[in-house]
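The structure appears below as structure tokens.
What follows is calculated from the coordinates using simple rules that are stated; it is not laboratory data. Bear in mind that the values here come from a model prediction, so they are computed numbers and not experimental data. FYI the Cβ positions are ideal-geometry reconstructions off the backbone, even for glycines, and counts take in every protein chain you see.
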Amino acid sequence: MVFTAVLAGCGGMSKGWLTAITEHPLLAGRVQVVGLVDLDPAIAAARAAEFGLTNAVVGTDLDAVLSTTKPDLLFDVVVPGARAGVVQTGLTHGCHVLSEKPMAASLEAAQAMIAQAAAAGRIHAVVQNRRFIAGVRRIRRLIESGALGELASLNCDFFIGAHFGGFREEMDNVLLLDMAIHTLDAARFMAGKTPRAVYCLETNPPGSWYRHGAAANAIFEFDDNVVFNYRGSWAAEGVHTSWESGWRIVGSKGTLIWDGEESFTARVVAGDSGFFRDLVDIEVPPPADADQTHGHASVIADFLNAIETGRQPETVGSDNIKSLAMVFAAIESARKGQRVTIAN
């Protein structure tokens, strides 16, 4: 099946979406982009020209472009503050909608999106592309195998000096809302546990070029006494971590370390005596499905496959709201200076 699609929001993020749609083998011939919408028509026209979308309708009015093109899908790549209206418009026009993260600007808005999608009989899902990479999938599979024993904690460091310019530098809670959502979603996926509570300290480091909240330290409590420790900053110059963070996963039998790129070290106990027990290296298994390791393309393919088969995609709104709830609970904890229960 070839799906027709309109893409709303033709800024920098749209390039990654359109590259995946038009060039990745997973999506070859599956999506025809019939419309591009942006508040600046010149930006939309330039993006159409860049990707050879010569027959696509270009406009500034989403409602009008959807009425003209009648697409199957709406790809929502607008700024977070505009997301609620864009999603509602797409669902009203009978589109399945795939949104950029974060899902919504509040839990109430996210709950409204879930209800709107259900009422329309359409799917609304979110691009959590960083759970669709080989490293995250490999860790999930290792934890599920039981090789590390009973899961005790997940610990990650994210330290990047990212100079985006634009809306991010003026956002409230910029790290937690715009970037940490990826890491928190990955931790929830890898652990396979439900988050229950959080204590968070949010700061804006000296020299930060962001207006608010460029750094955060958070302790999340998951089911079964699993702890997730997050340390991050988007205003950390010098020695950067991977965009996927650096991870230490601790179980009752051993530990896995991942640098967020290609390096894995996993060791488990091999003896029962001595001050330090004897250890043995173990292999980190490959992903169960290589098609789920291509980031943006894998998210979009999962979305399309779900529509075709009638199942829910992995990042459907009703699931992704659980990751969003982690973010807003962390923000609330930082504001109140106390432990906060996470809504589920």
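With the dipole of region 257-344 worked out from charges on the C-beta (+1 for Lys and Arg, -1 for Asp and Glu) around the Cα centre, which of Ser298, Ser263, Gly337 lies farthest toward the positive end?
Of the candidates, Gly337 comes out farthest on the positive side.
Search the structure for amide H atoms under 5 Å from the amide H of Ile342, placed 1.01 Å from N in the peptide plane, and list their residues when 5 or more places away or on another chain.
When sequence neighbours closer than 5 places are left aside, the close amide H contacts are Ala197, Val198.
Give me the lysines in straight-line cross-link reach of Lys101: C-alpha distance below 28 Å, same-chain residues under 8 apart excluded.
Reachable lysines: Lys15, Lys70, Lys193, Lys322, Lys336.
Nearest 500 deg cm²/dmol is fine: what mean residue ellipticity at 222 nm does the chain get from its DSSP H runs of n ≥ 4 alone, each adding -39,500 (n - 2.57), divided by its residue count?
One gets -10000 deg cm²/dmol as the mean residue ellipticity at 222 nm.
Taking Cα centroids, how far is region 170-245 from region 1-32 in Å?
Distance between centres, Cα-based: 29 Å.
Please list 3J(HN,Hα) in residue order for region 241-255, calculated via the Karplus relation 6.51 cos²θ - 1.76 cosθ + 1.60 where θ = phi - 60°; whole Hz, with x for glycine and proline.
So the Karplus estimates, Gly and Pro as x, are 7, 5, 4, 8, 6, x, 10, 10, 10, 10, x, 5, 10, x, 9 Hz.
Could you give each residue of region 93-107 its phi-based ³J(HN,Hα) in whole Hz, using Karplus coefficients 6.51, -1.76, 1.60 with θ = phi - 60°, and x for Gly or Pro?
8, x, 8, 6, 10, 10, 9, 5, 7, x, 4, 7, 8, 7, 5
Sort Ser273, Ser208 by Cβ crowding within 10 Å, fewest neighbours at the top.
Final ranking by Cβ density, sparse to dense: Ser273, Ser208.
Along the three principal axes, how long is region 3-126 when you take its alpha carbons, biggest first, rounded to the nearest angstrom?
Largest first, region 3-126 extends 38, 29, 25 Å along its Cα principal axes.
At a threshold of 8 angstrom on Cα-Cα distance, excluding pairs fewer than six apart, so keeping six or more, what relative contact order does region 3-126 reach in percent? Kindly include the intermediate steps, with their values, before the conclusion.
Numbers: 217 pairs, mean separation 29.1, N = 124.
Relative contact order comes out at 23 percent.
Would you list Arg122, Arg83 from fewest to most Cβ contacts within 10 Å?
On the way: Arg122 20, Arg83 26.
So the ranking, lowest neighbour count to highest, is Arg122, Arg83.
What is the order of His240, His124, His96, His182, fewest Cβ neighbours within 10 Å to most?
Final ranking by Cβ density, sparse to dense: His240, His182, His96, His124.
Once amide H atoms are built 1.01 Å from N in the peptide plane, which residues 5 or more positions from Phe159, or in another chain, come under 5 Å H to H?
Ser233, Thr241
With only Lys, Arg, Asp and Glu charged, each at its Cβ (+1 for the first two, -1 for the last two), find how big the charge dipole of region 3-126 is about the Cα centre; round to the nearest 20 debye.
Details: 7 positive and 10 negative charges, 50 e Å.
Roughly 240 debye for region 3-126.
Using a 10 Å Cβ count of at most 11 others and DSSP loop calls, identify the longest part of the chain lacking such chymotrypsin sites (Phe, Trp or Tyr not before Pro).
With chymotrypsin sites (Phe, Trp or Tyr not before Pro) excluded where exposed in loops, the chain gives 1-274 as its longest stretch.
Counting only residues 5 or more places away or on other chains, whose amide H sits under 5 Å from the amide H of Lys101 once H atoms are built in the peptide plane?
Val127
Whole-Hz ³J(HN,Hα) for each residue in region 320-327, computed from phi via Karplus 6.51 cos²θ - 1.76 cosθ + 1.60 with θ = phi - 60°, x for glycine and proline: what do you get?
With coefficients 6.51, -1.76 and 1.60, one gets 5, 4, 5, 6, 4, 4, 4, 4 Hz.
So which aspartates and glutamates can Lys253 reach, going by Cα to Cα under 15 Å and dropping same-chain residues fewer than 8 places off?
Glu144, Glu150, Asp272, Asp278, Asp281, Glu283
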